[in-house]
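The values are calculated or read from the model by the stated rules, or taken from the named source; none is laboratory data. Everything numeric here is computed off the predicted structure, so don't read it as measured data. Virtual Cβ from ideal backbone geometry, glycine too; neighbours counted across all protein chains shown. Protein only, heavy atoms only, side chains kept; ligands, DNA and RNA dropped before computing areas. Shrake-Rupley method; radii C 1.70, N 1.55, O 1.52, S 1.80 Å.
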Amino acid sequence: MSRCEAQDDPLLVMLRRLPIACILTRVADSHVLATNPAFTQLFGWDEDQIISRHSTELPIWTSPEQPSEILDRFNRAGRIQQFEAQLQCSNGKIKPCLVYVEDIDFNGEACRLSIAHDMSKRTNAELALKQSEAKFSALFSDSPEPYVLFAKSSAKITDVNRRFTEVFGYRPQDVIGKTAKDFNFWRHPEKRPAIINKLLRERCLRNEPVDFVARDGCVLNCEVSSNFVLIGEDRCILSCFKDVTEQKNIEARIKHQAYHDSLTDLPNRLLLQDRLQQHLALSERHGLSCALLFFDLDHFKRVNDSLGHSCGDAVLQEISRRLLARVRKADTVARLGGDEFVILLTGLSGNTAQIAETARLQAAELLEAVSVPMCIHGHGMQLTCSIGIALSSEHSHTPEDLLKHADTALYGVKASGRNSIAFFEPQMQVVVSQRLQLETDLRQALLNGEFELHYQAQLDARTQSIIGAEALLRWQHPEQGLVGPATFMHVLEESGMILEAGHWVVREACSFIARLMLQGLITAPFSLSINISPRQFRQANFVESVAAAIEEFRVPRQCLKLEITESIMIHNISDTVEKMNELRDMGISFAIDDFGTGYSSLSYLKRLPVDLLKIDQSFINDCTRDSNDAEIVRAIIAMARSLNLELIAEGVETAEQLAFLQQQDCHAYQGYYFSRAVSEAVFCKLLEQMSVSAN
Ligand code: C2E
Ligand code: MG
Ligand code: MG
């Protein structure tokens with residue numbers, strides 16, 4: 001059959017009109033008899049490139065095996081229905097097709113009709129679906145966050161991912177087919193309806209904080225995000241349960257650290273201020289009052305200095321435990337730093353007197369609690385404290401007022417001898433501001449050179465000759481005139497200005513000796529005593545600074561005597577001894593000032609390389625009237641003898657006192673009886689007179 005022959009054949013006409021790509025092949029020789037426009041349209045091949053060619057040589061095949069594979073299939077079943085094949089287009093593209101092959105009779109000749117159905121559109125859609133399914137399942141199952149899929153209609157779980165199992169401990173088989181309620185997933189089930197309503201209303205949830213209970217019973221803080229999704233035909237809710245427990249814990253820890261003292265775990269200043277604010281507002285509304293107790297350990301610095309900081313820390317921890325044990329739960333014990341604590345008593349009712357009494361009783365209890373002896377790192381000790389109290393109802397209305405006023409009251413206690421309680425009174429503020437003013441003025445005095453040294457002669461009663469002098473600090477105040485150390489020494493000490501002032505004293509004393517020598521006023525052995533405060537002595541470069549001053553003014557070393565007090569012994573004794581030895585090696589001697597008023601511990605005294613004891617003036621004062629004092633003076637003198645120490649009595653005012661001392665064989669003295677501390681010019685005159693009278 002030729003192409004022309006069959007041109008009008010009704011079957012061929014129908015084939016041409018068919019909107020599906022067709023090829024008609026003769027079975028006998030496998031040559032193509034006819035094709036149709038739909039074929040050309042689908043694949044781009046012209047009829048000429050197809051017709052009369054052997055069916056295995058058609059350009060539509062994408063591999064040489066493809067036609068035989070199709071033929072095999074055909075031979076097995078006698079027909080081909082819906083065979084998926086990739087076929088080649090003239091433009092090089094590949095088209096996915098569904099192929100149908102069937103034998104037909106064409107004008108008595110066995111022919112084979114092949115039909116190709118274009119699948120590309122359908123395939124694209126399927127591919128996209130498959131890809132999105134793959135993506136979803138990868139996202140769902142491999143997500144680093146726990147995911148759960150719920151059926152929207154029943155709220156039953158239809159799937160959970162691996163991470164869900166890891167975090168909550170439930171395996172898929174434990175929860176699939178169940179609602180969250182069935183396995184008590186919610187920590188607070190009563191919150192569930194509101195959250196579900198929110199999801200329905202807003203169509204999604206974003207980082208909703210919800211707590212869940214894991215399989216092992218642990219509570220996990222989560223942030224839930226939910227969306228509606230369509231999986232196949234099913235409407236579902238996809239929820240992510242982000243576990244933020246750790247994050248929340250860290251946040252809580254950071255917050256705790258910001259508001260608590262790390263040593264005692266008590267609230268710090270920040271939290272105290274917060275609580276004060278709240279309680280003051282509350283008290284005002286309910287007609288109640290608060291009391292603020294400002295608490296400070298007495299001489300805590302000594303503990304730190306002598307026993308070390310770790311011991312000091314342990315003391316503070318013990319104190320914080322004691323304070324906590326003695327207040328009501330509702331009250332706040334805070335640590336402001338160092339040895340400063342604050343106790344806030346709230347909800348106090350009654351008139352001012354009653355409130356004050358409650359606060360006083362509480363403070364007295366704390367005072368007692370602190371004074372119970374304690375043993376820290378093997379060191380037994382008994383501490384005391386001072387407490388300043390301010391009441392909210394009285395003069396203090398803001399947190400700042402209360403804190404400031406209680407602090408002022410505490411200052412009052414400290415100034416009047418410690419180990420007790422004081423309530424804030426407005427006039428206290430005057431004292432505090434005066435003290436601040438004094439500090440400012442002293443700074444200025446140091447800058448302006450308003451300090452000077454006065455000198456009090458020290459004598460040998462046997463010869464009535466001047467054997468030395470004590471240098472005593474004076475402040476030439478621009479308005480008040482000459483001011484003695486009793487007014488300002490404690491401020492110099494507490495503010496640390498004593499270091500600068502003390503350094504000046506050492507240099508000034510050395511230059512004084514140099515001037516005396518230049519004027520030929522000291523020929524016989526003469527020693528100038530200077531007072532050294534413990535703080536100054538503890539300074540790291542103290543030895544060097546004294547050595548430098550001696551060097552600078554070329555002072556004979558035996559002319560300098562350093563007066564220290566027994567309190568120096570409670571600080572690092574080995575360091576003290578070491579420094580004293582260094583100075584003594586340089587030829588400088590040491591005197592213990594105010595002897596008898598401090599610790600007077602024989603064992604300490606034996607360890608200290610001192611040369612001289614100064615009997616405190618308080619004993620001299622009454623030694624002729626009070627037999628006790630006389631006895632003490634005798635004892636001190638005996639002690640000095642046994643330790644082979646020199647002696648000098650200070651504060652000798654009368655001839656009787658001097659006579660008593662001489663009877664005890666103590667001949668060196670200093671006091672108003674001979675002379676007060678006088679200016680350099682006056683002292684020089686004294687020296688001159690003495691040398692004249694001696695000659
Ligand atoms: P202190 O070292 O015990 O000095 C003796 C004090 O007693 C001096 O008081 C002196 O004027 C006074 N005094 C002397 N004889 C008599 C007397 O017969 N009767 C009475 N009632 N008092 C007498 P001042 O000068 O007021 O010094 C007081 C304290 O200030 C000194 O006591 C000393 O501890 C300290 N001080 C003075 N100058 C300095 C200094 O340069 N550095 C340091 N760190 N402290 C100093
Ligand atoms: Mg002295
Ligand atoms: Mg003294």
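If packing is taken as the average count of other Cβ atoms within 10 Å, what order do 25-36, 634-645 fall into, highest mean first?
Peptide ranking by packing, descending: 25-36, 634-645.
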TODO: For the stretch 409-557, give the magnitude of the charge dipole about the Cα centre (Cβ charges: +1 Lys/Arg, -1 Asp/Glu; no others), in debye to the nearest 20.
DONE: 340
- [ ] Averaging sequence separations of C-alpha pairs under 8 Å and six or more residues apart, then dividing by the length of the stretch 393-509, give the relative contact order as a whole percent.
- [x] 17
TODO: Could you sort 214-221, 158-165 so that the peptide with the highest average Cβ count within 10 Å comes first and the rest follow in order?
DONE: 158-165, 214-221
- [ ] Report the percentage of all Cα-Cα pairs in the chain whose separation exceeds 51 Å, rounded to a whole percent.
- [x] 52
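If you put +1 on each Lys and Arg Cβ and -1 on each Asp and Glu Cβ, how big is the dipole of the chain around its Cα centre, in Debye rounded to 20?
Using only the charged Cβ atoms, the result is roughly 1920 debye.
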Open item on the list: I'd like the FRET efficiency for Leu518 and Arg418, computed as 1/(1 + (r/R0)^6) with the beta carbon distance as r and R0 of 45 Å, rounded to 0.05.
Closed with: 0.40
Task: Where labels lie 7 Å past Cα in the beta-carbon direction, separation of Glu65 and Val491 in nm - done: 10.6
TODO: Would you list, by chain and number, the lysines whose Cα falls below 29 Å from the Cα of Lys685, excluding same-chain residues fewer than 8 positions away?
DONE: Lys561, Lys614
Task: Simple spin-label estimate for Glu680 and Glu190 in nanometres, 7 Å along Cα-Cβ - done: 8.5
TODO: For the stretch 36-105, run through the trypsin sites (Lys or Arg not before Pro) and keep only the ones in DSSP coil with at most 14 other Cβ atoms within 10 Å of their Cβ.
DONE: Arg79, Lys93
TODO: Would you please give the FRET efficiency between Thr463 and Tyr672, computed as 1/(1 + (r/R0)^6) with r the Cβ-Cβ distance and R0 = 25 Å, to the nearest 0.05?
DONE: 0.80
- [ ] Based on a Kirkwood Rh over C-alpha pairs, give the Stokes-Einstein translational diffusion coefficient of the stretch 61-136 at 25 °C and viscosity 0.890 mPa s in µm²/s.
- [x] 172
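What FRET efficiency do you get for Thr440 and Asn207 if R0 is 45 Å and r is their Cβ-Cβ distance, rounded to the nearest 0.05? Display every interim value, and only then the final one.
Details: r = 56 Å, r/R0 = 1.24.
Here the calculated transfer efficiency is 0.20.
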TODO: Before rounding to the nearest 500, sum -39500 (n - 2.57) across all DSSP H runs of length at least 4 in the chain and divide by the residue total; then give [θ] at 222 nm in deg cm²/dmol.
DONE: -14000 deg cm²/dmol
Open item on the list: I'd like to know which of Ser527, Ala409, Asn184 lies farthest towards the positive end of the charge dipole of the chain, counting +1 on Cβ of Lys and Arg and -1 on Cβ of Asp and Glu.
Closed with: Asn184
Task: Of the GluC sites (Glu not before Pro) in the stretch 168-274, those whose Cβ has at most 10 other Cβ within 10 Å and which sit in DSSP loop - done: Glu233
Task: P(r) of the stretch 474-622 over all Cα-Cα pairs, binned every 10 Å from zero, in whole percent - done: 10, 37, 37, 15, 1
Task: Cleavage-rule hits (trypsin sites (Lys or Arg not before Pro)) in the stretch 326-415: DSSP loop, at most 14 neighbouring Cβ within 10 angstrom - done: Arg328, Lys329
- [ ] Using a 1.4 angstrom probe on heavy atoms only, work out the carbon and sulfur share of the accessible area of the chain in %.
- [x] 50
- [ ] Please work out the C-alpha center-to-center distance from the stretch 583-651 to the stretch 59-136 and express it in whole Å.
- [x] 122
TODO: State, to one decimal in nm, how far the label point of Asp174 lies from the label point of Leu127, with both points 7 Å from Cα in the Cβ direction.
DONE: 4.3
- [ ] Could you work out the relative contact order of the stretch 252-327, using alpha carbon pairs under 8 angstrom and six or more residues apart, expressed as a whole percent?
- [x] 24
Task: Farthest positive-ward along the chain dipole, Cα basis, beta-carbon charges - from Ile498, Ile550, Leu297 - done: Leu297
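My understanding is that a pair violates if its Cα-Cα distance is over 23 Å; which of Lys152/Lys242; Lys301/Lys579; Lys152/Lys181; Lys135/Lys178; Lys152/Lys248 do that in this structure?
Lys135/Lys178; Lys152/Lys248
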Open item on the list: Given all pairs of different Cα atoms, what value in angstroms does the Kirkwood hydrodynamic radius of the stretch 621-690 take?
Closed with: 13.3
Open item on the list: Using a probe radius of 1.4 Å on heavy atoms only, what accessible surface per residue do you get for the chain? Whole Å² is fine.
Closed with: 51
- [ ] Averaging sequence separations of C-alpha pairs under 8 Å and six or more residues apart, then dividing by the length of the chain, give the relative contact order as a whole percent.
- [x] 6
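About the Cα centre of the stretch 569-692, how large is the charge dipole given +1 on each Lys and Arg Cβ and -1 on each Asp and Glu Cβ? Please answer in debye to the nearest 20. Intermediate results must be reported in sequence, preceding the final value.
Numbers: 10 positive and 19 negative charges, 37 e Å.
Computed charge dipole of the stretch 569-692: roughly 180 debye.
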Task: Dipole of the chain, positive direction: furthest Cα of Pro209, Ser574, Ala281, with charges on the beta-carbon - done: Pro209
Open item on the list: As an exercise, take the mean of 1/r over every pair of distinct alpha carbons in the stretch 78-117, invert it, and state the Kirkwood radius in angstroms.
Closed with: 11.3
- [ ] Hey, could you grab the Kirkwood Rh for the stretch 136-211? Inverse mean 1/r over distinct alpha carbon pairs, Å, one decimal.
- [x] 13.3
